Every structure is written in C-alpha cells, then in structure tokens.
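**Student:** Supplied in structure tokens, the structure appears directly below.
The values are calculated or read from the model by the stated rules, or taken from the named source; none is laboratory data. Because the structure is a prediction, the values reported are computed rather than measured. Cβ placement follows ideal geometry from the backbone for every residue including glycine, while neighbour counts extend to all protein chains displayed.
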Amino acid sequence: MNLEKVIFAFFSILALTLNYGFFIGELDDPSHHNVYELFAALIVSLIATIMKFGDRAHIGALLLATSLVADLQLIAAAMVWGYVVYVVEAPLEPSVMSSIVSLSGGALLANLTSVILLVVETVTFRR
Amino acid sequence: MHNVISLVLRRMRLPLIILISTYAISVVGLTLIPGIDDQGNPWRMDFFHAIYFVSFLGSTIGFGEIPYPFTGAQRMWTTFTIYAAVVSWLYAIGTILTVIQDQGFRRVLAFQSFARKVRRLQEPFYIVCGYGDASRLLVHELSERRIHCVVVEKDREKIEELAVEDLPDYVPGLSEDATNSDTLITAGLNRPNCRGVIALTGDDHSNLTIAITSKLLAPDVQVICQSDSKDSAANMASFGTDHIIDPFEIFASRFAMMFHSPSMYLVYEWMTAVYGSPLSEFKRPPTGTWVLCGFGRFGKAVREYIAIEGVKTRLIEADTELTGAPLDTIEGRGTEANTLLEADIQDAVGIIAGTDNDANNLSVLITARYLNPGLFTAARQNQQKKTPIFKAADIDLIMQPGTIVAQYILGLILAPLLGDFFRLTRDQNEEWANVLVSRIAGVVAEITPETWELDISRLQAPAVFDSLIRRNRVQLKDICTNPKNSAELLPCVPLLIKRDKVAMLLPDMEEFLQRGDQILFCGRQESTYQIRYVVNDQQALHYIQTGIDRPGGILWRWITKAQ
C-alpha cells in the first residue's frame, strides 16, 4: 500500500463528494446550498492540487490540470457570491444563486474527471 | 536532469498544504464563534470578512478588530490563529530558502542555463574539456578571433575563474565531468554546428574517454586530444581521434631540430606562434654533453630525440626505480651542488631542468649556472602563473606545455593545412628551410606571421571561381598582388596548395589555380584582408591581371566598347 496514493485518493474523492453535496438541490434556492460546504470543497480541492505539484508522470500532469480547473471554478463561484453579497450588497437572488451553483457544477465535472483518471491509473497499475 | 519548477514545487508540497489548512481552520473558526455587533445583538462573522481578517493577520499587518470589536472567545481564537499563521509562513519561506541554497538545486539551475546558451549558439563552435593552462590560452585566442567555444570543467573554481575572465566573446562554462556522455551532449556534441571536441583535462584516461565518446556519438566531429604517454596516444589513434598532441614530444622534437636545423626550427616556431608576438630569436644550443635533470615523460622524450642528433646526456633523477632510469643515472634531485658536480657539470655544455616541480627546476638551473656560468640553460615550466619568475631567471629556453598545446591546437583550427605542411617539411633539408625563413622574414617586419587558408570555392573566392568557370586563367601571383598597385606583391608567402588530395609545397607564383584548390598562406595580417578583397571582386582581379581598370556599369562598358 502506498500511503501517498491513499492520501491523494482521499482528498480527490473528498473534493468530489463535498462538491457534489454543495451542488445537489434546487439550482436557484439558497437554502439548499450551504456556504460551509463550498468553503470545504474549495480547501480540499486546493490541497488535492498541491499534492500533485511536481509530479512528472503523464497521468500526474493530467490530474494536476483537472484539479486546477476545479479550483478555478470553485474560486469563481466563491467570488461571485462574495461580490454580490458584500460589494453590491444585494440579497441572494435566485439568478445569482443559480450562477454560483452552476459554476460549482463545472467544478464537479472536473473533480469527477480526476476521480475517473485516478481509477484508470489504479486499474492499469494492477494489471 | 530535472525540471527546476517541478523540483521546487515538489519540495513546497507540505509547506503549502500546512499553510492552506491553517488558513482554512482559522477562517472556519472565525465564522463559527458567536460575536456581538455594535447594537449588542448576537452576530457571526461571514466568510468574506473572516478571509479578509485572517489574510491581514497572517501577514502580521493587523488592521484591528473588524467590523465590530471582538468578544473574549473571538480574541482567544485570534491569538491561536496569529501563532499558527506565523509558524506556517516561517516554515514555507524557510523551505523555499533551503531549496534555493541547495547545492543540487543550484547545479540543476547552472546546468539548464548552460544547456540553453548552447542551444542558442547558431554559429560553429568548439567544445573545450578541461580549463587548465593550455585551455585558458586556447579559449583566449579563439574568443579573440570570434570563434565560439564552450568549456566543460570538473572543478567549479576554474569555471568561476572563466566567468570573471574578460573575454571578447562570451564563453559559457559548465562544472560537470566531461567524461560523462550526457555532459558532452548538453555541451552540444550532437549539434550540427559543433566543429570539434578538444580534450585537455590533464588526465590521459579522461581525455581518452572523451575522445571515444565523441567519436562514437558524433563521428564527423573533429576530436583533438592531449596525451602524455605513447600508450594512450596509440589507443586514441586506434579509434580515429583526429589529432593527438603530446607537448613533451613536440618540444623534444623541436629542441632536437635546434641542433641540426635552426631554420627549420624557426619555421615551426613561427607557424604555430600567436600572431603579434615579436619574432623570436634563439640561441643555438651547443653540441656536447648535456646534463638532464628528471627522467619523467619529459626527460625521456628529450633524451630520445637529442640522442638522434648525437648529443650525449648525463641523467640526474631522484627516483631511479620508478622512472626506470638507466644504470649510470646519478641519484638525487639536482638542486644541490654535490649532485651536479657528480654529474660533471663543469665540463657539460648545457643543462635541462625537466622535473615536474617548477621551484626545483629553477633551483637546479641557478645552482648549475653558479658552478658553470657558460652553460646553456633549458627549463620545463609546468605552471603558467610562474612565467614572471622564469622570465626573471634569464633562461635560454623555456618549455611551457600549456603554450605548446594551445598554439598547436590553434594552428590546427585556424589552418588545418598546417598538418600537411609540417608533414611535407619533414622531408626537406636545412637549405630549403633557410630560403623559406628569409622569404618569410622579408615580408613580416618584426612580428611573427599570421597563417591562414583560402579555398578557391564559390563561397570564399567568388571572383576567382567565376573566372575559372569562364575558362579564364588565374595565376597564384594574381591573387597575391596589391589591388591598388598591380606591380606590387602583397607581404605574404603561399606555403602550400592542396589539389585533389595532393599537396604542393611552396607553389610557384606562376602556378595556375584550379577550382577546389586549398591554399595555405603566411604573412602579415593586412594581406589577409587584401587577398580576400581581390578574390571577391571581379574588377580588382581584372585590374591586376590586365593593368586596366575596367568600367563596372553596363552603360560605361557599352560606351568604352563603342569607342
């Protein structure tokens, strides 16, 4: 058992599950989407990215790319949220909420790709 | 070699994860702990303000408690946050500094910047392996002539010396082992513009390894090697090393030449001297019995060569067993008077101090001259930096291995035909050399001549080439004529013409040139430019051949024809 692989898989899958947890629910209903969940998804995704830093294998580079995409999407979602609430100082309209959640949906797709790549790597390794 | 960025990133993994975790925990803590707003209502910090607060707190800027004064619980959490953030930052910055100062990391950086510089070289270049006395001289001379080279040297200090040297052309250096094939490839061995590899590491085995690696990986690249023993020279020759240079052998053969044909010696000296140095005058060594101190590689070569000239030597050697000295050798270092007296210094005609220790060599000569002031003194100078002392000692003949090697290689690079020239002069006699010396001395005033080559090709001599295609005849004297005055010959001597692999020594001035001829000249430097002008310019060539300054434009040609 490779401890590095276990920890990385843990963070990748945790990023996916947290992301999914935030994403699920009515698209434009703020009460279905918890800000703590978004924060946790972002932090876990960042950590998963850093763990792939300096990996020179081809699949490692792909994993780095997908998790960078996820980070970017989640940061964009958080910034939209922060901008509307604290800069514009407007209430969370359904239209704003839906754009935040759809951004996190993009991140979900990227995280899903990460996990699929991880599975592919593991399967080919076991051959 | 690794990628620098991935190397840094890999080392930064843990510090960055710790930093992000600390920030995340601090932010979440701040959003969870209940506070009180300015009206006294319960209030909780939101994510935006928590991130803002932790950001300025973590970087120890500290704007104060915002947006409302904190409660006790919030202050307690903030205290924890301050220490956690400072410690994580220190750890992260410390790791970055460690990575940057790491020897391995610096080596990777130096390696990559060297590789980048080699890749950017678009013009022909040479790889010089080793940066000792000979290489330093050679690199100086090459860069003076804007011939590019790169240096690979194991010793980091010597590469640092190269970096601070004031060279007219930039010479990249790398401190790596040149016997490693990867290093040679990084230095550009496989690049199409790599002209040659010059192995002067000071170690026969390393030179051998470099030669064989270069010949295997890039068979077309010229390989020039220094060798200090006959065994390794034979070994190098066996796999096609282009030139093998043994400074002791070169010196010994020239020294022997001084006895029987001083003019021939001068020819050799001048052809390989650095341009611009004063014409060397030399004292002819007397024939008789000589005392030779040191029977190492140098002593053996000298003894062997001067024995052919009928010069007898008495040997002094400190370690007779190791060097395999003959039985009549006197044991001792030669620095003491009694050893020298034992070798009958008083009725010897000359002394050669040829040990590998410069201080001992000087001491031998000074003691010997004290015992017999009329002696001819010859010394081997091992280190270039001792030159001032050797000059001050007023020695008749100084042998500097570094200078001999550097000049020889420079000759091979600047004028490859010199090799053919030297091969042919070996069969000539002293009278022939006398004539040549007086001819050369007649054209070069006070300084040693420059040697250069000209190919009768479309690229190097378009005017001559075109004339030959149009079946006009061009004589050798035509291109050696002053383009401003067709009655005057330029101060140069054509030494050799190589045509279809046959070399003609000292060609006649009436010789008709042919396409593909390679000509070796020697003479004053300014004649180089004038010959280049003549062979490039149709008008100049026509003027020289006919004495008529032909008009260049179509209109003028038509008018003169009409008349």
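**Student:** Suppose we filter the range B:30-63 for residues that are in contact (Cβ under 8 Å) with a residue 12 or more places away in the chain, of a type in the set (F, W, Y) and either within 16 Å of A:L42 (Cβ to Cβ) or within 14 Å of another protein chain (Cβ to nearest Cβ) (or both); how many remain?
**Tutor:** 3
**Student:** Could you check B:I395 against (1) closer than 21 Å to B:C522 by Cβ; (2) part of a loop (DSSP other than H, G, I, E, B); (3) not basic (K, R) and say which number it fails?
**Tutor:** It is condition (1) that B:I395 fails.
**Student:** Take the residues in the range B:213-238 that are of a type in the set (S, T, N, Q) and touching a helix residue (DSSP H, G or I) at 6+ places or on another chain (Cβ under 7 Å), then tell me which one is nearest to B:Y131 (Cα to Cα).
**Tutor:** Among those that are of a type in the set (S, T, N, Q) and touching a helix residue (DSSP H, G or I) at 6+ places or on another chain (Cβ under 7 Å), it is B:Q226.
**Student:** Same structure, new question: Could you check how many residues of the range B:277-334 are assigned to a helix (DSSP H, G or I), modelled with pLDDT under 85 and within 17 Å of B:D396 (Cα to Cα)?
**Tutor:** Within the range B:277-334, residues that are assigned to a helix (DSSP H, G or I), modelled with pLDDT under 85 and within 17 Å of B:D396 (Cα to Cα) number 0.
**Student:** Determine whether B:I66 is closer than 26 Å to A:E37 by Cβ, within 13 Å of chain A (Cβ to nearest Cβ) and surrounded by fewer than 18 Cβ atoms within 10 Å (Cβ to Cβ).
**Tutor:** yes
**Student:** Here is a follow-up. Only one of these is within 30 Å of B:G173 (Cα to Cα) and surrounded by fewer than 15 Cβ atoms within 10 Å (Cβ to Cβ): B:Q103, B:Q112. Name it.
**Tutor:** B:Q103
**Student:** While we're on this one: Confirm whether B:V27 is more than 60 Å from the chain's Cα centre (by Cα) and within 9 Å of chain A (Cβ to nearest Cβ).
**Tutor:** yes
**Student:** Continuing with the same structure: Filter the range B:164-202 down to the residues that are β-branched (V, I, T) and in contact (Cβ under 8 Å) with a residue 24 or more places away in the chain, then identify the one that is surrounded by the most Cβ atoms within 10 Å (Cβ to Cβ).
**Tutor:** B:I198
**Student:** Write out, first by first residue and then by second, each pair whose Cβ atoms fall under 6 Å of each other, whose residues are 6+ apart or on separate chains, and whose first residue, in the range A:39-55, is closer than 14 Å to B:A24 by Cβ and more than 7 Å from every other protein chain (Cβ to nearest Cβ) while the second is outside any helix (DSSP H, G or I) and of a type in the set (S, T, Y).
**Tutor:** Close Cβ pairs satisfying both conditions: none exist.
**Student:** Given the options B:V435, B:V444, name the one that is hydrophobic (A, V, I, L, M, F, W, C) and exposed (fewer than 14 other Cβ atoms within 10 Å of the Cβ).
**Tutor:** None of the other options fit; the residue is B:V435.
Conditions (1) among the acidic types (D, E); (2) surrounded by fewer than 19 Cβ atoms within 10 Å (Cβ to Cβ); (3) more than 10 Å from chain B (Cβ to nearest Cβ); (4) at positive phi, marked per residue:
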residue	(1), (2), (3), (4)
A:S12	no, no, yes, no
A:E37	yes, yes, yes, no
A:A61	no, yes, no, no
A:L64	no, no, no, no
A:S67	no, no, yes, no
A:Q73	no, no, yes, no
A:W81	no, no, no, no
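**Student:** Quick test for you: out of B:P247, B:P278, B:P326, B:P285, pick the one residue that is closer than 30 Å to B:R439 by Cα and surrounded by fewer than 21 Cβ atoms within 10 Å (Cβ to Cβ).
**Tutor:** Exactly one residue qualifies, and that residue is B:P278.
**Student:** Can you tell me which residues in the range B:405-438 are closer than 18 Å to B:D242 by Cβ and aliphatic (A, V, I, L, M)?
**Tutor:** Listed by number, the residues that qualify are B:V405, B:A406, B:I409, B:L410, B:L412, B:I413, B:L414, B:A415, B:L417, B:L418.
**Student:** Still on this structure, please answer the following. Six or more apart or on different chains, Cβ under 8 Å: which pairs go from a residue in the range B:497-518 that's farther than 23 Å from B:R470 by Cα to one that's in a loop (DSSP other than H, G, I, E, B)? Could you list them?
**Tutor:** B:M504/B:E511; B:L505/B:Q428
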